[in-house]
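Below: one structure, written as structure tokens.
The values are calculated or read from the model by the stated rules, or taken from the named source; none is laboratory data. In this text, all values refer to a predicted model and were calculated from it rather than measured experimentally. Here the Cβ positions follow ideal geometry from the backbone for every residue, glycine too, while neighbour counts run over all protein chains shown. Each accessible area value is taken on the protein alone, full model and side chains, heavy atoms only, with ligands, DNA and RNA left out. Shrake-Rupley method; radii C 1.70, N 1.55, O 1.52, S 1.80 Å.
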Amino acid sequence: MSERRAVASGPSVDTGSPLSALIRASWLVMKKRDVRNFGRILEFLELTHKQVPHLLCYRHHAKLSTGLRGKIMLHMMEEKKPLLDVLSALNRHFPPVFPDDSDAAQRKAVKVQQCKINFRRLVLRMIRDETFRQHYVENTLHLEYGDAFMAALEKLLWEFLYRLQIVLNLQVLEARTQPVVDKDHHRSPPIQPNPGPSKLRFV
């Protein structure tokens, strides 16, 4: 199967697993461009990143996380949410002082931080300047964060979900291939997917 076809169909999932259900739900939200639920994808991404930090490289995680956060913010502008709500969300997703990325390669970290700073400035200007906000939303937003941006974000998400599915499949395979021992010996517990992410729900 070509990469293009795989991206279109989404990661292969085992519907019997709660984590696989979350993988599929995340993919469907992205395919439907359901920006209202992008926060759920972001929550799933960050929780998984904490539990399996080496699943994605720094650049991949940063681009996907920042892209989801940015689209959430811009959607609030498009829907003309109260500006205080927008500011609150901005401080949550793009705080004035960003988390320390000292573990990442210095040049990559600096570039990501600068992108976040520039985006924060853009949103702050839209909050303060109604004329600029209206012009940007009506004339510029779809050019900078439209179909091409969403296609790139979709591919980043697919790669994340695909790698996560591989890890899940390996865990299931190890669980199924545990050696059978006689009743006088203790059976080694099978490796199970971490149940943490299964607590998340998509609306």
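Just to be sure, is residue 146 over 21 Å from residue 62 (Cβ atoms), open to solvent by less than 30 Å² (accessible area, probe 1.4 Å), at pLDDT 95 or above and of a type outside the set (Val, Ile, Thr)? Let's see the steps before the verdict.
Numbers: over 21 Å from residue 62 (Cβ atoms): yes; open to solvent by less than 30 Å² (accessible area, probe 1.4 Å): yes; at pLDDT 95 or above: yes; of a type outside the set (Val, Ile, Thr): yes.
Taking the combined requirement at face value, the residue satisfies it.
Out of the residues in the stretch 149-162 that are touching a residue at least 24 places away in the same chain (Cβ under 8 Å) and closer than 15 Å to residue 71 by Cβ, which is most open to solvent (accessible area, probe 1.4 Å)? Walk me through how you get there before you give the answer.
We begin by selecting, within the stretch 149-162, every residue touching a residue at least 24 places away in the same chain (Cβ under 8 Å); these are 149-150, 152-162.
This time we only want the ones that are closer than 15 Å to residue 71 by Cβ, so: 149-150, 152-157.
Working: 149: 52, 150: 11, 152: 54, 153: 5, 154: 19, 155: 88, 156: 29, 157: 1 Å².
Among those that are touching a residue at least 24 places away in the same chain (Cβ under 8 Å) and closer than 15 Å to residue 71 by Cβ, it is 155.
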